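Enquirer: For reference, the structure I am asking about is given below.
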Amino acid sequence: MTSTLPEDERLRRWRLILGGDADGTGCALTGQDRRIDEALAALYRPAPGEGRGGSGANPTARTGGLGASAPAVARWLGDIREYFPSGVVQILQQDAIERLDLTRLLLEPEMLEAVEPDVHLVGTLLSLNRLMPEATKEAARAVVRTVVEDLERRIAQRTRSLVQGALDRSTRVNRPRHHDIDWNATIRANLKHYQAEYRTVVPERLVGYGRRRHGVQKDVVLCIDQSGSMAASVVYASVFGAVLASMRSLRTSLVAFDTAVVDLTDQLSDPVDVLFGTQLGGGTDINRALAYCQSLVTRPSETIVILISDLYEGGVRQEMLRRVAAMQRAGVQVITLLALSDEGAPAYDHHNAAALSALGSPAFACTPDLFPEIMAAAVQGLPLPIPE
């Protein structure tokens, strides 16, 4: 399709895409365009002798544009927040942390005040938790709380609605009281009794739900792998755990693990406390974590264990599989989420994922938007809405 942009605007856009000097286009960047270009160049332009045109061409070469200067980085963070929307700022920040190794600077409170909070930044801060000086911890908690509160606003209402609705529907009866009749299900079950002359269905069998039960109906155990690659999943799982724990009809436990296991259930009233109770990084012993989760099970047929892990097992693999099989034979639902994040399927151990699926315990990646539906289906014992 032919562009309707004026020639000078078309060249300007190409110049912003390509960066740097005019390079024969005849279009030089000025004013704000030049400042935008400089902000991007500080992150993405290769150092002299590297990258485009250099003898050591390397498309992933780092630049020294920001150096290790906290004031320079703080100014750069202010610039990108001025020039770009929030979603782009978060991408640029993450790239800066990875490409320019700015992790150390995040230990400075003034730096944390300049950044755009997001899930990935929270993961980075949690990995630095043990290294933070006391002066930085309050600033870090403020960043984490901003992200957690935003996530809670996004997911809490829908999660409670879907899961509570599923709990209410999980006690189906065939002799319901009038107010408990599910008319849609009743009509579907009796369509064969449709009376054409009366243009109505004469129900032979009523379908409805038992009276809402008070007290705990289901036990949910969230078992979270806190290895470094699972950072975003740890953040989302902690928030979901707090939401589920707020529902009186569920008994929710949250367990985090690497080669050790820590029970964070008593901190679920505040997901920020949960997150700062984790310790990202280290090895992985899934079998040991599942052994602890198994010890929490008192009502197998009413228990759902959700393992959130990339399944790179450092413990005893065969024992892990035997333990999952034993829990399932007892009536426990065991679901494995390879990730609970927006990034889609991560790197994971395909061999272990296939082995769990063969046991009847599905293993798949899950987005935060899908998680409430997964929980609702699990509560009712229905097939899980596993993504393609």
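Enquirer: Test each condition in (1) at pLDDT 70 or above; (2) within 38 Å of the chain's Cα centre (by Cα) for Arg199 and report the one that comes out false.
Expert: (2)
To keep it simple, each residue is scored yes or no on (1) polar (S, T, N, Q); (2) without any contact (Cβ under 8 Å) to a residue 60 or more places away in the chain; (3) in contact with a Cys (Cβ under 8 Å, 6 or more places away or on another chain).
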residue: Val261; (1), (2), (3): no, yes, no
residue: Leu280; (1), (2), (3): no, no, no
residue: Thr303; (1), (2), (3): yes, no, no
residue: Glu313; (1), (2), (3): no, yes, no
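Enquirer: Another one. What's the number of the condition Leu307 fails, among (1) crowded, with 23+ Cβ neighbours inside 10 Å; (2) farther than 23 Å from Leu162 by Cα?
Expert: For Leu307, the failing item is (2).
Enquirer: Where the second residue is surrounded by 14 or more Cβ atoms within 10 Å (Cβ to Cβ) and of a type in the set (Asp, Glu) and the first is without any contact (Cβ under 8 Å) to a residue 40 or more places away in the chain and lies in the range 91-105, which pairs have Cβ atoms under 8 Å and are six or more apart or on separate chains?
Expert: Sorted first by the residue in the range 91-105, then by its partner, the pairs are Gln93/Glu116; Gln93/Asp118; Gln94/Asp118.
Enquirer: Hey, another quick one. Give the range 341-366 a look and list any residue that's loosely packed, with under 13 Cβ neighbours inside 10 Å and not in a loop (DSSP other than H, G, I, E, B), or say none.
Expert: His350, His351, Ala354, Ala358
Enquirer: Only one residue in Leu321, Leu296, Leu307, Leu280 is among the aliphatic types (A, V, I, L, M), modelled with pLDDT of 95 or more, over 16 Å from Ser357 (Cβ atoms) and in the same structural domain as Ser357 (by TED's automatic domain parsing). Which one? First the steps, then the outcome.
Expert: Values: Leu321 fails: over 16 Å from Ser357 (Cβ atoms); Leu307 fails: over 16 Å from Ser357 (Cβ atoms); Leu280 fails: modelled with pLDDT of 95 or more.
Leu296 is the lone residue from the list that is among the aliphatic types (A, V, I, L, M), modelled with pLDDT of 95 or more, over 16 Å from Ser357 (Cβ atoms) and in the same structural domain as Ser357 (by TED's automatic domain parsing).
Enquirer: Something else about it: For the subset of the range 99-124 comprising residues that are modelled with pLDDT of 75 or more and assigned to a loop (DSSP other than H, G, I, E, B), which member is farthest from Thr146 (Cα to Cα)? Before the answer, list the steps.
Expert: The first filter runs over the range 99-124 and keeps only residues modelled with pLDDT of 75 or more, leaving 99, 103, 106-124.
Retained after the next criterion (residues that are assigned to a loop (DSSP other than H, G, I, E, B)): 108, 113-118.
Details: Glu108: 18, Glu113: 12, Ala114: 13, Val115: 12, Glu116: 10, Pro117: 7, Asp118: 9 Å.
Applying the filter and picking the extreme gives Glu108.
Enquirer: I'm trying to understand the selection: among the residues of the range 45-98, which are modelled with pLDDT under 80, in a helix (DSSP H, G or I) and among the hydroxyl-bearing types (Ser, Thr, Tyr)?
Expert: If the condition is that a residue be modelled with pLDDT under 80, in a helix (DSSP H, G or I) and among the hydroxyl-bearing types (Ser, Thr, Tyr), then Ser86 is the only one that fits.
Enquirer: Go over the candidates Thr136, Thr186 one by one and state the one that is part of a helix (DSSP H, G or I) and modelled with pLDDT of 80 or more.
Expert: Checking each option against the conditions leaves just Thr136.
Enquirer: OK, next. Under the condition of being part of a helix (DSSP H, G or I) and β-branched (Val, Ile, Thr), which residue from the range 251-285 is farthest from Asp225 (Cα to Cα)?
Expert: Ranking the qualifying residues of the range 251-285, first place goes to Val272.
The values are calculated or read from the model by the stated rules, or taken from the named source; none is laboratory data. These figures come from a predicted structure and were not determined experimentally. No Cβ is skipped: glycine too gets one built from the backbone with ideal geometry, and neighbour counts run over all protein chains shown.
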